[in-house]
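Please read the structure below before turning to the comments.
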Amino acid sequence: MVKVLGIESSCDETGIAIYDTEQGLIADTLYSQIELHRQYGGVVPELASRDHLRRIIPLIDECLAQAKCLLNDLDALAYTAGPGLNGALLIGASIANSIGFANKLPIIPIHHLEGHLLSPLLADDKPNPPFIALLASGGHSQLIAVKAIGEYQLLGDTLDDAAGEAFDKTAKMLGLPYPGGRYIAELAALGHENYKLPRPMLHSGDLTMSFSGLKTAVLTLINNLTEQNITIEGQVLQDIARSIEESITDVLVKKSVMALKQTQIRTLVVSGGVSANLRLREKLDLELAKIQAKAFYPPLRLCTDNGAMIALAGAIRFKQQKFTYDFSVHPRWDLTTLASN
Ligand code: KG4
Ligand code: ZN
C-alpha cells in the first residue's frame with residue numbers, strides 16, 4: 001500500500017489530494033483563483049504565484065485532516081513540475097521539496113498532462129492501456145497513443161489555439177465571464193445550431209487540428225447580426241453558443257474516431273477541462289459505439305486542474321527515490337519525452 005500527497009499549482013488552481021493505492025482518493029482540497037483573475041480576462045502569472053503561496057499550506061493541513069493522517073503516514077509527495085507558469089510551478093515544487101526534506105519523504109515530479117491523462121483512472125469505470133488519449137484543455141488539444149503508462153506517442157496536435165482556448169476566446173467575444181467553456185455549454189444546452197460555423201482541418205486527412213479560424217468566424221457573425229440590428233441575447237446568444245459548441249466538438253470527435261481507426265485501438269480516454277463538456281461526451285459515446293469502441297472520462301469535478309490527478313500519477317510512478325531535493329520545474333515540457341518506471 002502506498003499513500004501519496006499530490007500538489008498541483010501549475011496555473012490558477014491550488015489542488016492538494018491524498019491517493020492511497022488500496023483505498024483510492026482519501027482526501028481532496030482545491031482552491032480556484034478564477035475570481036481573482038476574472039477582471040483581467042485571463043490568468044495574471046504574478047498574481048497566480050502569490051495566491052498559490054497564500055493557499056498552499058492551509059490546503060495541505062486541511063487535506064491531511066480530511067484523510068486523518070500525519071505527514072509521517074505518507075510514503076511520498078508528488079508535485080506538478082511542468083508544463084505551466086514558472087512562478088506558480090515553483091511554489092508547488094518548493095513546498096513539496098521542503099516538506100520532503102524535513103520529513104525524509106521521496107519527491108516525485110509529475111508532468112501536468114500525464115496527470116490529466118491518467119485522471120479517468122479516478123472514475124469507477126477505469127480504462128486499461130493501450131488506449132488513445134484525447135487531451136483537451138485550455139492550453140492543449142492533443143491525441144496521444146498510450147501503449148503503456150509512461151509510453152506516450154503524439155499522434156495529433158492543434159496548429160494554433162487549443163479547444164478550451166477556442167471556447168474561452170469566443171465566450172469573451174460574447175461578453176461571457178472567463179473561463180467561458182462552462183458558460184458556452186450552459187447556453188448551448190438551450191440553443192440550436194442555427195449558424196454554421198467552420199470546422200477547420202476537419203477533412204485534412206490527418207490528426208492535425210486548428211481552432212483559431214473560429215474566432216474570426218464568430219466575430220464576423222456578431223458583426224453581421226449587429227448590422228442587422230439583432231441584439232445578441234436570449235435565443236440568439238443560445239444559438240450562437242450551440243453553434244460554437246457543435247463546431248469544436250465535431251472536430252474533437254472526428255479526429256478521435258480517426259485516431260482510433262488508424263491505430264485499431266478501441267479505447268479512448270478523454271481528459272482536460274473540455275472533457276467536462278457533456279455534449280462532447282454525448283457525441284463521442286454515439287460515434288464510438290458505431291465502431292465498437294468505448295470512451296472513458298474523469299469524474300466531472302476532476303476534469304479541470306486538481307491535486308487528485310497528481311497524487312494518482314505520483315502513486316503510479318512511485319518508487320523509493322534517493323533523497324535528492326535539488327528540484328527544478330519545466331514550464332515547457334514535452335509529454336512524449338517521459339520514460340515509464
Ligand atoms: O484542464 P484545465 O482546467 O486547465 C488547463 O490545463 O488548461 O482546462 C480549462 C479549460 C478552459 O478553457 C475551460 O473553458 C474549459 O477547460 N472547460 C470547458 C468546460 N469546462 C471547462 N469547456 C467546454 N465545456 C465545459 N463544460
Ligand atoms: Zn490542466
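Read the figures in this text as sums done on the coordinates, not as results from a lab. Computed from a predicted structure; not experimentally measured.
Taking every DSSP beta bridge that has both residues in the chain, what percent is antiparallel when rounded to the nearest 5? Let's see the in-between values first.
Values: 26 of 43 bridges.
Taking every DSSP beta bridge within the chain, about 60 percent pair in antiparallel fashion.
Tell me, what ³J(HN,Hα) does each residue in the stretch 108-122 have, in order and in whole Hz, if you take phi through Karplus 6.51 cos²θ - 1.76 cosθ + 1.60 with θ = phi - 60° and put x for Gly and Pro?
10, x, 10, 7, 3, 6, 5, x, 4, 4, 8, 4, x, 6, 8
Could you give each residue of the stretch 199-214 its phi-based ³J(HN,Hα) in whole Hz, using Karplus coefficients 6.51, -1.76, 1.60 with θ = phi - 60°, and x for Gly or Pro?
Here the 3J(HN,Hα) series is 10, x, 6, 4, 10, 6, x, 10, 9, 6, 10, 8, 10, 6, x, 5 Hz.
Using only Cα atoms and rounding to the nearest 10 degrees, what angle (0 to 90) does helix 308-317 make with the longest principal axis of the chain?
Its long axis makes an angle of about 60 degrees.
Considering only C-alpha atoms, what is the centroid distance from the stretch 103-179 to the stretch 34-60, in Å?
After rounding, the separation between the Cα centres reads 21 Å.
Using θ = phi - 60° and the Karplus relation 6.51 cos²θ - 1.76 cosθ + 1.60, list the HN-Hα couplings for the stretch 226-239 in order, rounded to whole Hz, with x at every Gly or Pro.
5, 4, 8, 6, 8, 7, 8, 7, x, 4, 4, 4, 5, 5
Would you calculate a helix-derived [θ] at 222 nm for the chain, using -39,500 (n - 2.57) for each DSSP H run of n ≥ 4 and dividing by the full residue count, to the nearest 500?
Values: 10 runs with 141 residues, N = 341.
Roughly -13500 deg cm²/dmol at 222 nm, from the helical runs in the chain.
Taking H as built 1.01 Å from N, whose amide H comes closer than 5 Å to the amide H of Leu25, not counting residues under 5 places away?
Here Asp20 satisfy the definition.
Would you mind checking which residues have amide H under 5 Å from Tyr79's amide H? H placed 1.01 Å from N; only 5 or more apart, or other chain.
Ile7, Ile108, Ile110
Would you mind telling me which residue in Thr226, Thr21, Thr158 has the biggest mean-square fluctuation in a Gaussian network model of the chain, where springs connect alpha carbons within a distance under 10 angstrom?
With Cα springs under 10 Å in the chain, the top fluctuation among Thr226, Thr21, Thr158 is at Thr226.
Determine the percent antiparallel among the DSSP beta bridges restricted to the stretch 129-297, to the nearest 5.
Numbers: 12 of 20 bridges.
Bridges in the stretch 129-297 that DSSP calls antiparallel: roughly 60 percent.
Among the listed pairs Lys169/Lys255; Lys215/Lys261; Lys196/Lys254, which have their C-alpha atoms separated by more than 20 angstrom in this model? Let's see the in-between values first.
Numbers: Lys169/Lys255 22 Å; Lys215/Lys261 30 Å; Lys196/Lys254 17 Å.
The answer is Lys169/Lys255; Lys215/Lys261.
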